[in-house]
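Let me give you the structure first, and then I'll get to my questions.
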Amino acid sequence: MTYPLGTEPATALRGAGLRVTAPRVATLHELAALAHTDVDGLTTAVRSRLGGVSTQAIYDVLRVLTDAGLVRRIEPAGSPALFEIDSGDNHHHLVCRGCGTLLDVPCAVGERGCLEPATDHGFVIDEAEVVFWGYCPACQQISPPTSN
């Protein structure tokens, strides 16, 4: 398997200055396979790989991996937090209002819209998070969206 981290999970953990543990390695393996997964889905996948692991252990691993910049937390409105490998490409997300499908979309090029605020209020801005909302093709077939 090719990892979005560009390296095997154990190497990525060492590179981030983290101890290599079975739950951390399993979490990175599963996130490479299950992009945009919630804690419940990730816990189930890690348990199938390792056997017994608590949900709290997965939360702890995700916090450490997110703090280290290996994992990205995504929080679309009305959804539980989702997690993905942080690929460092500053991509954005497209969310279907009908079924909740979430897909990666590359950062917009050219006209940048509102990616730079009118004032930064003294913040040093290091990231802009954009979520595009709409209806996927399958949901459009079921119930075509109305225009606003």
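The values are calculated or read from the model by the stated rules, or taken from the named source; none is laboratory data. The shown structure was predicted, so the numbers you read here are calculated from the model rather than taken from an experiment. When we count neighbours, we look across all protein chains shown, and the Cβ atoms used for this are built from the backbone with ideal geometry, even at glycine.
For the range 58-72, how many residues are buried (at least 17 other Cβ atoms within 10 Å of the Cβ) and farther than 15 Å from Ala12 by Cα?
1
Sticking with this structure for a sec: Given Arg63, Arg72, which one is more than 23 Å from Thr101 (Cβ to Cβ) and among the basic types (Lys, Arg)?
None of the others qualify; the one that does is Arg63.
Please find, within the range 75-88, the residue that is surrounded by the most Cβ atoms within 10 Å (Cβ to Cβ) out of those that are of a type outside the set (S, T, N, Q) and under 21 Å from Pro23 (Cα atoms).
In this case the residue turns out to be Phe83.
Return the only residue of Gly69, Gly100, Gly52 being over 11 Å from the mean Cα position of the chain (by Cα), in the same structural domain as Ser143 (by TED's automatic domain parsing) and of a type outside the set (Lys, Arg).
Being over 11 Å from the mean Cα position of the chain (by Cα), in the same structural domain as Ser143 (by TED's automatic domain parsing) and of a type outside the set (Lys, Arg) holds for just one of Gly69, Gly100, Gly52, which is Gly100.
While we're here: What residue, among those in the range 1-12 that are more than 22 Å from Thr44 (Cα to Cα) and modelled with pLDDT of 90 or more, is surrounded by the most Cβ atoms within 10 Å (Cβ to Cβ)?
Ala12
Looking at the range 35-49, which of its residues are surrounded by 16 or more Cβ atoms within 10 Å (Cβ to Cβ) and not in a helix (DSSP H, G or I)?
Passing the criteria: Ala35, His36, Thr37.
Kindly indicate which of Gly88, Gly69, Gly52 is part of a loop (DSSP other than H, G, I, E, B) and at pLDDT 90 or above.
Unique residue meeting the criteria: Gly69.
Ok, one more. So Cys99 clears everything in (1) among the hydrophobic types (A, V, I, L, M, F, W, C); (2) closer than 30 Å to Gln140 by Cβ; (3) touching an Asp or Glu at 6+ places or on another chain (Cβ under 9 Å); (4) in contact (Cβ under 8 Å) with a residue 40 or more places away in the chain except one condition, right? Which one?
For Cys99, the exception is condition (3).
If you don't mind, another one. Here are the criteria: (1) closer than 26 Å to Val131 by Cβ; (2) surrounded by 16 or more Cβ atoms within 10 Å (Cβ to Cβ); (3) charged (D, E, K, R). Tell me which single one Arg24 does not satisfy.
Among (1) closer than 26 Å to Val131 by Cβ; (2) surrounded by 16 or more Cβ atoms within 10 Å (Cβ to Cβ); (3) charged (D, E, K, R), Arg24 violates only (1).
State all residues of the range 96-123 that are assigned to a loop (DSSP other than H, G, I, E, B), of a type in the set (A, V, I, L, M, F, W, C) and at pLDDT 85 or above; if no residue qualifies, say none.
Matches in the range 96-123: Cys99, Phe123.
Same structure, new question: With respect to the numbered conditions (1) in the same structural domain as Cys139 (by TED's automatic domain parsing); (2) free of Cβ contacts under 8 Å to residues at least 12 places away in the same chain, which one is the sole condition not fulfilled by Val105?
The number of the failed condition is (2).
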